[in-house]
Amino acid sequence: MADKKRETFGSKLGIIMATAGSALGLGNIYRFPCEAGANGGAAFLMVYLALALLIGTPLMISEFVIGRRSRSNPVGAFKRLSGARSAWPVVGYLGVVCAFLILAFYTTVAGWTLGYLGKSVAGHFGGQDLEAIQQQFSDFTNHPWLPVACQLAFLALTAVVVMRGVKDGIERWSKILMPMLLVIMVVLCVKSLTLSGAGEGLRFFFKPDFSKITGRVVLSALGQSFFSLSIGMGALITYGSYIGRRDNMVSSAVGVALADTLVAVLAGVVIFPAAFSFGIQPEAGAALAFTTLPMVFQQMTGGYFFCLIFFLLLVIATLTSTISLLEVIVAALTEELRLPRRKAALVGAAGTAAIGVLATLSFRTGSPLHIGASTVFDLLDHLTALYMMPIGGLLIVLFVGWKMKRADVMAELTNEGTLRAGLRKGILFIVRYLAPVAIAVIFFSQLLM
Ligand code: PHE
């Protein structure tokens with residue numbers, strides 16, 4: 001019954017593009033370089049690659065299994081697959097809350113991308129030196145209302161697309177724009193690599209110093225891989241519920257994981273050589289991407305246009321991610337509370353705005369929006385990526401590996417036996433044993449220290 005009413009993505013390319021749209025975003029271009037820069041560069045990259053491919057990809061597939069099997073939002077999915085009396089739906093609620101908290105701080109930086117798109121149209125970076133560009137970032141984030149206005153505009157844009165529904169809104173955008181982003185990243189790489197002093201940045205990013213790998217670095221890499229692949233909180237359960245019966249979930253997930261990893265690595269290859277060449281610290285944090293990239297554009301012929309196209313694509317890549325976050329909330333509100341889609345999108349966006357504005361304002365110098373030493377922004381970021389997503393991910397693999405019937409899981413993985421089982425048995429093995437043990441060890445060893 002539910003199958004008939006529910007929308008599905010129009011094609012295999014549609015799922016891949018929508019999922020890639022969710023995965024590719026600020027996590028790759030903004031958060032990954034921040035985390036890699038703060039955690040020792042290459043050492044972080046190695047751990048990240050291992051975790052994203054070995055644990056992250058099977059977890060993506062697990063979410064697709066839950067989504068397509070149940071054809072439901074994360075809360076409804078656990079209710080349907082485990083019975084309403086069980087405690088499992090808590091995982092779904094956790095996911096919806098997590099989507100909401102991520103959306104709150106994610107739209108802070110999303111707003112900046114919109115602001116920077118405006119700056120590139122106005123040509124604010126032309127002829128400016130490093131100091132001036134750093135000053136622009138600090139002026140922008142310290143402005144009393146501009147970043148808030150940008151954030152609210154971004155949320156409004158997200159809500160408008162989500163109101164129009166999955167296929168029209170989400171699928172159509174992602175299909176055209178994700179490949180374009182990849183192309184411009186490659187162009188930027190070439191430029192960055194030819195800057196003087198680029199070699200030092202490459203060494204920082206690719207030559208690992210294994211003594212830098214601590215428990216904290218590993219947990220940060222795990223959190224980053226979950227964040228970047230949009231897993232551990234139900235976004236891909238939600239998208240999985242729109243996948244058609246005949247589509248190949250395994251190859252789609254592998255394709256998206258590879259593309260996501262590629263874009264993160266490309267972002268590193270653009271940002272670190274350039275940062276070292278300009279004398280920007282790799283630990284510069286929030287400012288890293290927003291100062292390095294405008295500096296790279298300065299050095300390029302046609303820099304004005306490249307800068308403009310880049311920020312336009314970044315806005316759109318970010319938008320396809322915020323859409324997937326709001327969609328988690330909207331799917332839960334429409335199916336569990338029977339709200340109409342429009343209303344659900346408005347409620348979700350308004351709720352997000354209330355907390356999100358605090359995250360944005362917490363960036364201002366001297367802002368009282370701190371709890372202990374952390375800003376509201378950092379707090380939301382750490383709470384979700386270092387705690388909620390690892391716990392969510394752990395529970396999801398346990399659910400698929402141990403609670404669901406093995407035959408049901410294999411039926412999903414092989415499209416009712418029409419696809420080859422060999423590789424898929426390997427995936428199920430990782431989901432049952434390797435992934436839960438690895439996540440638990442990484443998470444709890446850090447918690448206890
Ligand atoms: N994966 C997105 C990014 O890297 C962020 C995101 C996280 C989106 C969780 C949806 C769910 O930008």
Check: In square angstrom, what is the accessible area per residue of the chain with a 1.4 angstrom probe?
Finding: 38 Å²
Check: Which whole-Hz couplings ³J(HN,Hα) result when phi for each residue of the stretch 252-269 is put into the Karplus expression 6.51 cos²θ - 1.76 cosθ + 1.60, θ = phi - 60°, listed in order with x for Gly and Pro?
Finding: 4, 5, 4, x, 5, 4, 5, 4, 5, 5, 4, 5, 5, 5, 4, 4, x, 5
Margin query: I need the phi-derived Karplus couplings for the stretch 95-107: 6.51 cos²θ - 1.76 cosθ + 1.60, θ = phi - 60°, integer Hz, Gly and Pro marked x.
Written below: x, 5, 5, 5, 4, 5, 5, 5, 4, 4, 8, 5, 6
Check: For the stretch 293-312 and the stretch 133-167, what is the separation of their C-alpha centers, rounded to whole Å?
Finding: 21 Å
Item checked: Kirkwood-type radius of the stretch 293-401, with distances r between different C-alpha atoms, in Å -> 17.3 Å
Next item on the list: For H143 and R246, calculate 0.36 nm times their separation in residues minus their Cα-Cα distance, and state this gained length in nm to one decimal.
Entry: 32.0 nm
Item checked: Accessible surface of the chain, 1.4 Å probe, proportion on carbon and sulfur as whole % -> 66 percent
Next item on the list: Any chance you could get the radius of gyration and Dmax over the Cα atoms of the stretch 12-448, in Å?
Entry: 20.8, 64
Checklist line | Where labels lie 7 Å past Cα in the beta-carbon direction, separation of H370 and V190 in nm | finding: 4.6 nm
Note to self: Exposed loop sites here are trypsin sites (Lys or Arg not before Pro) in DSSP loop states with at most 16 other C-beta atoms within 10 Å. What is the longest stretch of the chain lacking them?
What the structure shows: 247-337
Check: Top to bottom by accessible area (1.4 Å), largest first, where do S220, S211, S445 land?
Finding: S211, S445, S220
Checklist line | Projected label distance in nm at R172 and H382, using a 7 Å step from Cα toward the beta-carbon | finding: 4.3 nm
Next item on the list: Could you tally the net charge around Q224, taking each other residue with its Cβ under 15 Å from the Cβ of Q224, Lys/Arg +1 and Asp/Glu -1?
Entry: -2
Item checked: Set of the stretch 66-93 residues, backbone N closer than 18 Å to the point 7 Å along the Cα-Cβ line of L337 -> 73-77, 90-93
Next item on the list: Take the Cβ-Cβ distance between K403 and Q299 as r, set R0 to 45 Å, and report the resulting FRET efficiency rounded to the nearest 0.05.
Entry: 0.25
Check: To the nearest 0.05, how large is the calculated FRET efficiency for N415 and V121 if R₀ is 41 Å and r is the Cβ-Cβ distance?
Finding: 0.30
Next item on the list: Treating cross-link reach as a plain straight distance, find the lysines whose alpha-carbon is under 21 Å from the alpha-carbon of K12, omitting any fewer than eight places away in the same chain.
Entry: K4, K167, K175
Margin query: What distance in nm separates the two pseudo spin-label positions at L308 and A287, each 7 Å out from Cα along the beta-carbon direction?
Written below: 2.8 nm
Check: Which number do you get for Rg(Cα) / (2.2 N^0.38 Å) in the stretch 250-308?
Finding: 1.37
Margin query: Over the chain, with a Gaussian network built from C-alpha contacts below 10 Å, which listed residue (F100, F140, F311) shows the highest mean-square fluctuation?
Written below: F140
Check: Got a sec to turn the phi values of the stretch 66-79 into Karplus ³J(HN,Hα) couplings, 6.51 cos²θ - 1.76 cosθ + 1.60 with θ = phi - 60°, whole Hz, x for Gly and Pro?
Finding: 4, x, 6, 5, 9, 6, 8, 5, x, 5, x, 4, 5, 4
Check: Helix 287-298: angle to the longest alpha-carbon principal axis of the chain, degrees 0 to 90, nearest 10?
Finding: 60 degrees
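The values are calculated or read from the model by the stated rules, or taken from the named source; none is laboratory data. Quick caveat: nothing in here was measured; it's all calculated off a predicted structure. Cβ atoms come from the backbone with ideal geometry, glycine included; neighbour counts cover every protein chain shown. Side chains are part of the model used for accessible areas, which takes the heavy atoms of the whole protein and leaves out ligands, DNA and RNA. Shrake-Rupley method; radii C 1.70, N 1.55, O 1.52, S 1.80 Å.
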